[in-house]
Amino acid sequence: MRKYIPCILTIFLFIGLSACASQMENKKSEDLHFYHGLKHPDSLISVENVSADEIEFKIRRAPKLEYLYHTIIDENEERIAEGWYPAYKINTDHYTVKMKPKKGKIFQSDKKYRLCVTTQNPEYTSRYTSNIQCFVDYEFVLPEK
């Protein structure tokens, strides 16, 4: 009987670790909270072109970060568009980002949105915390057409 106790304990330990790992993976990424970051003056970020299926931003260049994760969220913190975009160009003081909404979503005029820029993918971060710190946080309302 004593011979089987380490084997049984190892099995229980493995089952416990598996349960913890599966619980972390099943955490909903929709439950993320985007903390307000720095409020930048309008001279540093602007919305250049707008349509229901694309928004173009002109953003003052980041300090030598090649790629940044950009997320557009609505008033309910639902992610409308997101992705990694190049953020550093050598010969300019700004970079442009053209973002398209996720499948089944559109950008609506007269609706309030936020552009949140981070250095990490929220999907990866959500495994450890539900809080995302935006180091660039730009609120905007799309103009009426």
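Every read-out reported here was derived from the displayed coordinates using simple, explicitly stated rules and does not represent laboratory data. Predicted model only: the values in this text are computed from it and were never measured. Cβ: placed from backbone, ideal geometry, glycine included. Neighbour counts: every protein chain shown.
Take 74-82, 48-56, 114-122 and order them by the average number of nearby Cβ atoms within 10 Å per residue, most first; the result is 114-122, 74-82, 48-56. A simple spin-label model places the labels of Ser109 and Glu144 0.8 nm from each other, with each point 7 Å out along Cα-to-Cβ.
Would you mind checking Lys58/Lys112; Lys64/Lys103; Lys64/Lys102; Lys64/Lys112 for any pair whose Cα atoms are more than 22 angstrom apart? Long pairs (Cα-Cα over 22 Å): Lys64/Lys103; Lys64/Lys102; Lys64/Lys112.
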